[in-house]
Amino acid sequence: MFLLIALFFVTALLYASVGFGGGSTYNALLVLHGTDYRILPAIALLCNIIVVAGGVWRFHAAGHLKFARLAPFVITSIPFAWIGGRIAVSEVVFVGLLGATLAAAGIRMLLQGEAPEPQAPAKQKPALAAFIGACLGLLSGMVGIGGGIFLAPVLHLMRWDKPRVIAGACSFFILVNSISGLAGQLTKLGDMAMLGALSAYWMLAPSVLLGGQIGSYLGSSRLSEPLLRRMTGVLTLYVACRLLLRWSHMISG
């Protein structure tokens with residue numbers, strides 16, 4: 001358990017430094033640790049909430065959160081994250097989906113260049129934003145992630161707003177989806193009488209709290225964002241490869 005606590009601390013530090021929660025990697029670490037896959041998303045989503053809550057407050061205090069513009073994404077993502085959290089999937093499907101999600105996120109972080117500063121925010125299409133929010137919300141709830149790691153490249157591609165505004169939007173998106181997804185997961189776990197199994201992992205909460213605070217500080221003042229993003233991408237891809245290797249053994253055996 002000590003190694004798992006240390007890995008959660010490092011994950012929270014790296015992800016918080018680039019504005020994310022780390023839910024996908026928490027899940028993968030728990031799979032590799034041998035944790036019952038049915039309780040993984042609940043643990044990861046709770047850690048997500050702990051890590052990004054402070055970031056959301058800082059973005060809001062700095063004036064980088066535009067709630068009205070973000071609303072079409074969030075309005076659909078919240079109920080779909082709850083639905084995703086309620087969906088029961090097999091261990092093979094869960095591990096495969098999580099591995100693919102991690103691989104895509106890691107590649108994206110390694111290949112991402114400096115985001116251009118748009119002259120003015122692009123005109124938003126509410127219907128498209130609502131559709132994107134619903135899709136990411138469903139995935140978030142099922143796998144136990146916040147979805148911000150996928151929302152960020154979409155918003156940059158759309159030239160949605162300035163990079164800091166996009167970072168604030170993703171932090172808020174992660175927070176609300178994690179809360180909604182966790183609600184769905186806890187309802188499902190209550191049905192399976194497995195809520196008590198979560199108590200064995202309580203030490204992960206203070207670990208990610210400390211790591212998240214240090215990561216936010218490093219990301220804002222000490223280390224360059226490209227360096228932190230590459231470090232996070234390498235960690236994510238390493239864990240994804242380990243997870244996909246396990247998944248390949250599951251489907252072949």
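The values are calculated or read from the model by the stated rules, or taken from the named source; none is laboratory data. Just so you know, these numbers come straight off a predicted model, no measurement behind them. Ideal geometry is used to build each Cβ from the backbone, glycine not excepted, and the neighbour counts take in all protein chains shown.
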Which of the residues belonging to segment 19-45 are surrounded by 24 or more Cβ atoms within 10 Å (Cβ to Cβ) and either on the phi > 0 side of the Ramachandran plot or β-branched (V, I, T) (or both)? G19, G22, T25, I43
Within segment 69-88, does at least one residue satisfy the condition of being modelled with pLDDT under 85, closer than 28 Å to I5 by Cα and either among the polar types (S, T, N, Q) or in contact with a Lys or Arg (Cβ under 7 Å, 6 or more places away or on another chain) (or both)? yes
Are any residues in segment 151-174 hydrophobic (A, V, I, L, M, F, W, C) and outside any helix (DSSP H, G or I), and if so, which ones? M158, W160
Segment 235-253: number of residues that are at pLDDT 85 or above and of a type in the set (V, I, T): 1
Return the residues of segment 156-178 that are buried (at least 24 other Cβ atoms within 10 Å of the Cβ) and charged (D, E, K, R); say none if nothing qualifies. none
